[in-house]
Amino acid sequence: MSAAAFEFASANRIIFKPDAVELIPQLAADRGQKVFLLTGGNPQRASRLQGLLEGVKLDPVVHSISGAEPTVDMVEQAVAAARAEKTDVVIAYGGGSVIDVGKVVAAMLTNDGELFDYLEVIGKAQPLKAPSAPYIAVPTTAGTGSEVTRNAVIDSPEHQVKVSMRSPYMLPDVAVIDPALTCSMPPALTASTGLDALTQVIEPFVCNKSNPITDAICREAISIAGRSLRQAYDNGTDLEARTGMATVSLIGGLALANSGLGAVHGFAGPLGGMIHAPHGELCARLLPIVIKANISALKEREPGSEYLSRYKEVACLLTGDRESTTEDLIKWLEDICQHMAIRGLAECGLSTERISEAVTKSAKASSMKANPVELTESELRQILIEAM
Ligand code: NAD
């Protein structure tokens, strides 16, 4: 079932190491003098890194973007600030939102024009002509794996849609992963980002675009998630569990950038544009419900499908029990969502009146096309009703 022809691209260099932050000043100095340091809504979290950079006379210009997912305006401001400083090196230290902004900033330093020249769907979607400026991505959440993917997701409230800017040139130069940076995540953030990471290793494994490399790394990551997700949620300072989830997140990025996704992301993208709820929360709520619908549709329409064997394999890897069934998989996911108090879509801001709009938009999403089975409009609607 895995593709016979495939490509595998990633960040130039991946460093996964406790205290890896200490390596960043040298990595930056090797790449230039003018450093632009992007942080999230709480720049204090990056103060250690800022101090380390100042210690080697690299006085970074710090630009913080608010805690929310990045909008067109926020990205344009960051690009203008980095261009004004004649930046040599971009460092992004934060969650997927900050890492995504860093990709755009690094790309726009070496490519002329405006953001809308390069945005998909609402812009001109022009290809980037030049490689990005040197870019070091440092994730502080364990969810998106954005440090090794080639796109940035940007929200346009004006168009009510989340769109990507995408290019192989946007793969970061160096991804620096220090799992201890995620220990400060509160339980709710650990839950939503962790389930986002889990989704990103299950969907590329059970989709119509998988390949032998993504299969191998997803198998490993699903099993790590089975041992780490609940532990990281229950005890945020458990470094072994945090290391596990940082690994799952990284592998999720590698997998989604080189395989496909599925209906969870098919819904999460359009819903994020419509209701501006955090991406991780949407994925978390949809994961068990989408998998249940996929398994039911496959059993009904393609009972001999290899995708059903794959879901059974996911069950065994997650539970650590070789006898597990697809029913056990659904139960494992439902239990962990309940344990981690995952909110329904209504609480995330989706009104019943907007379900039809969400179904229409999601049916057209590119991730939906990689789903292991084509879901009917009524099945899509049913998923959202159940997720409310
Ligand atoms: P996020 O970056 O939006 O951060 C969520 C919140 O967590 C913010 O308030 C942030 O300040 C806080 N935070 C970050 N690190 C923390 C820490 N260590 N301790 C405490 N709080 C911390 O969340 P995310 O889930 O990492 O990223 C979501 C974004 O990534 C969305 O915009 C989504 O569309 C995008 N995304 C991109 C890709 C890609 O491949 N480019 C893939 C999936 C998702």
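Being polar (S, T, N, Q) and assigned to a helix (DSSP H, G or I) is the filter; apply it to segment 179-218 and report the residue that is farthest from the ligand (Cβ to nearest atom). Out of the qualifying residues, it is Thr214. Of all the numbered requirements in (1) touching a helix residue (DSSP H, G or I) at 6+ places or on another chain (Cβ under 7 Å); (2) charged (D, E, K, R); (3) in a loop (DSSP other than H, G, I, E, B); (4) touching a residue at least 12 places away in the same chain (Cβ under 8 Å), Lys124 misses one, and that requirement is (4).
In the condition set (1) within 20 Å of Ala341 (Cβ to Cβ); (2) within 16 Å of the ligand (Cβ to nearest atom), His265 is compliant with all but (1). As a summary of the residue check, Lys129 satisfies the conditions (1) in a helix (DSSP H, G or I); (2) exposed (fewer than 15 other Cβ atoms within 10 Å of the Cβ); (3) of a type in the set (Lys, Arg) except for the one numbered (1). Quick one: is Leu23 surrounded by 21 or more Cβ atoms within 10 Å (Cβ to Cβ) and either of a type outside the set (Lys, Arg) or more than 30 Å from Pro372 (Cα to Cα) (or both)? So Leu23 fails the test.
What number of residues in segment 122-140 are within 14 Å of the ligand (Cβ to nearest atom) and more than 15 Å from Ser10 (Cβ to Cβ)? The qualifying residues number 2. The set of residues from segment 311-361 being among the polar types (S, T, N, Q) and in contact (Cβ under 8 Å) with a residue 40 or more places away in the chain comprises just one member, Thr319. Taking the criterion of being in contact with a Gly (Cβ under 8 Å, 6 or more places away or on another chain), over 29 Å from Arg31 (Cα atoms) and more than 7 Å from the ligand (Cβ to nearest atom), the residues of segment 156-178 that qualify are Ser156, His159, Gln160, Val161, Val163.
The residue that is nearest to Ala106 (Cα to Cα), counting only those in segment 141-155 that are more than 7 Å from the ligand (Cβ to nearest atom) and assigned to a loop (DSSP other than H, G, I, E, B), is Arg150.
So is Thr247 of a type in the set (Ser, Thr, Tyr), out of contact with any Asp or Glu (no Cβ under 6 Å at 6 or more places or on another chain), more than 25 Å from Ile154 (Cβ to Cβ) and away from the ligand (no atom under 14 Å from the Cβ) or not? Answer is yes for this residue.
When segment 46-91 is filtered for residues that are touching a residue at least 40 places away in the same chain (Cβ under 8 Å), surrounded by 17 or more Cβ atoms within 10 Å (Cβ to Cβ) and not in a loop (DSSP other than H, G, I, E, B), the ones remaining, listed by number, are Ala46, Leu49, Thr71, Val72, Val75, Ala78, Ala82, Val89, Val90, Ile91.
Would you mind stating whether Ala255 is of a type in the set (A, V, I, L, M, F, W, C) and either within 14 Å of the ligand (Cβ to nearest atom) or not in a helix (DSSP H, G or I) (or both)?
So Ala255 fits the description; yes.
Is it fair to say Gly102 is in a helix (DSSP H, G or I), within 11 Å of the ligand (Cβ to nearest atom) and under 25 Å from Ser249 (Cα atoms)?
Yes: the conditions hold for Gly102.
Which numbered condition in (1) more than 19 Å from Asn258 (Cβ to Cβ); (2) modelled with pLDDT under 95 is the only one that Thr190 fails? Result: Thr190 fails condition (2) only.
Show me the helices (runs of 4 or more DSSP H) entirely contained within segment 281-348 in which 1 or more residues are farther than 25 Å from Glu377 by Cα.
In segment 281-348, the matching helices (runs of 4 or more DSSP H) lie at 306-319, 326-339.
Of all residues in segment 277-292, those satisfying the criterion of being near the ligand (Cβ under 10 Å from one of its atoms), touching a Cys at 6+ places or on another chain (Cβ under 9 Å) and not charged (D, E, K, R) are Pro278, Leu282.
The values are calculated or read from the model by the stated rules, or taken from the named source; none is laboratory data. The structure presented is a predicted model; accordingly, all values stated were derived computationally and were not measured. A quick note on method: Cβ atoms are made from the backbone with ideal geometry, for glycine too, and the neighbour counts reach across all protein chains shown.
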